[in-house]
Structure formats: structure tokens, C-alpha cells
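Peer 1: Structure in C-alpha cells, see below.
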Amino acid sequence: QVQLVESGGGLVQIGGSLKLSCAASGRTFSNYAMGWFRQPPGKEREFVAVISWGGGSTDYATSVKGRFAISRDNARNTVFLQMNSLKPEDTAVYYCAAHLSYRPLLRGDVDYWGQGTQVTVSS
């Protein structure tokens, strides 16, 4: 089992920044590819970003490319999502996710989910 706990969400103005964190516990964090997904109000959950176990590979949804950055610190068992130039359409519950393999996580195949953290972008 892997437990994931997100933090860092909140209310931010259009054009602002937030940094989300996801702390992992349980099995060896560095064995897992990690990702972020989000669920906007009234919509399905969608892929945001993924990072490989060593941090050498990343992928992003087209809608966030160039504005968001995923990173990880395996010594601290933590994955981050730096979000810049935030837009109202970024408003969503953001979820941390884990899978032993990168490609399945990129496709949305998730072994473990966090409980989510709310991000609201408002004028």
C-alpha cells in the first residue's frame, strides 16, 4: 500500500501561482511513477502531468504545458506540481496518483490515489 496526501491547494487570482505537494508513505516511493490528475466542477477527472521514478521523464496535458511543472524529491518521498499563469479553467480538485509503471499512469491507469486538494482560480 501507498498512502498519498496532497497539500498546497487554495484560492488564487488569475495569473497567479500555486505549488502543490504530495507526500507519500508506505512502499518505496522511488519505485513509482507519480502523476497529477484533476477534476473540474461537473466534469470527468483528467490527466495533468506525470513523472518517472527517477525524474528523468515527464509528460503534460496540452492545456498545462509550459505553465505547470512536475518534479519529485525521492529523499523526501514527495512529488510537486508548480502551477503558474493560472486560469479559471484550472479550477479543479487536484489528485496525486501513483503507478509502478510510467506508461500506464500516463494513460490514467492508477494504482493509488490521494484524497485531493481544491484549487480555485478566480478574479
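The values are calculated or read from the model by the stated rules, or taken from the named source; none is laboratory data. Predicted, not measured: the structure shown is a model, and the values here were computed from it. Note: ideal-geometry Cβ built from the backbone for every residue, glycine included; neighbour counts use all protein chains shown. These area figures cover heavy atoms from the full protein model, side chains too; ligands, DNA and RNA do not enter into them. Shrake-Rupley method; radii C 1.70, N 1.55, O 1.52, S 1.80 Å.
Peer 1: Per residue, how much accessible surface does segment 1-53 expose to a 1.4 Å probe? Answer in Å², no decimals.
Peer 2: Ligands and nucleic acids excluded, the result is 51 Å² per residue.
Peer 1: What's the FRET efficiency of R76 with L11 using the Cβ-Cβ distance as r and R₀ = 35 Å, to the nearest 0.05?
Peer 2: It comes to 0.85.
Peer 1: Spelling out what I want: for every residue of segment 22-32, take phi, set θ = phi - 60°, compute 6.51 cos²θ - 1.76 cosθ + 1.60 (Karplus), and round to whole Hz; glycine and proline get x.
Peer 2: Whole-Hz 3J(HN,Hα) from phi for segment 22-32: 9, 9, 10, 9, x, 6, 4, 4, 5, 7, 9.
Peer 1: What percent of all Cα-Cα pairs in the chain falls into each 5 Å bin, going from 0 up to the bin containing the maximum distance?
Peer 2: All Cα pairs, binned at 5 Å, distribute as 2, 13, 24, 27, 19, 10, 4, 1, 0 percent.
Peer 1: Per residue of segment 84-98, what does 6.51 cos²θ - 1.76 cosθ + 1.60 with θ = phi - 60° give for ³J(HN,Hα)? Whole Hz please, x for Gly and Pro, Karplus curve as stated.
Peer 2: 10, 6, 5, 10, x, 6, 7, 4, 4, 8, 9, 10, 8, 9, 9
Peer 1: Take the chain, connect every pair of alpha-carbon atoms lying under 10 Å apart with a spring to form a Gaussian network, then pick out the residue of R72, R45, R107 with the largest mean-square fluctuation.
Peer 2: Looking only at R72, R45, R107, the largest GNM fluctuation is found for R107.
Peer 1: Would you please give the residues with an amide H less than 5 Å from that of S85, counting only those at least 5 places away or on a separate chain, with H modeled from the backbone geometry?
Peer 2: Under 5 Å from the amide H of S85: no residue qualifies.
Peer 1: For the chain, with only Lys/Arg (+1) and Asp/Glu (-1) charged at the beta-carbon, what is the dipole magnitude about the Cα centre, in debye rounded to 20?
Peer 2: Rounded to the nearest 20 debye, it is 140 debye.
Peer 1: Would you work out which of N84, H99, Q13 lies farthest towards the positive end of the dipole of the chain? Charges go on Cβ: Lys and Arg +1, Asp and Glu -1.
Peer 2: Highest projection toward the positive end goes to N84.
Peer 1: Where the accessible area of the chain is counted over protein heavy atoms with a 1.4 Å probe, how much of it, in %, is carbon and sulfur?
Peer 2: Of all accessible area on the chain, carbon and sulfur atoms account for 46 percent.
Peer 1: So what's the net charge close to A33: Lys and Arg +1, Asp and Glu -1, counting the other residues with Cβ under 14 Å from its Cβ?
Peer 2: Net local charge, A33 excluded: +1.
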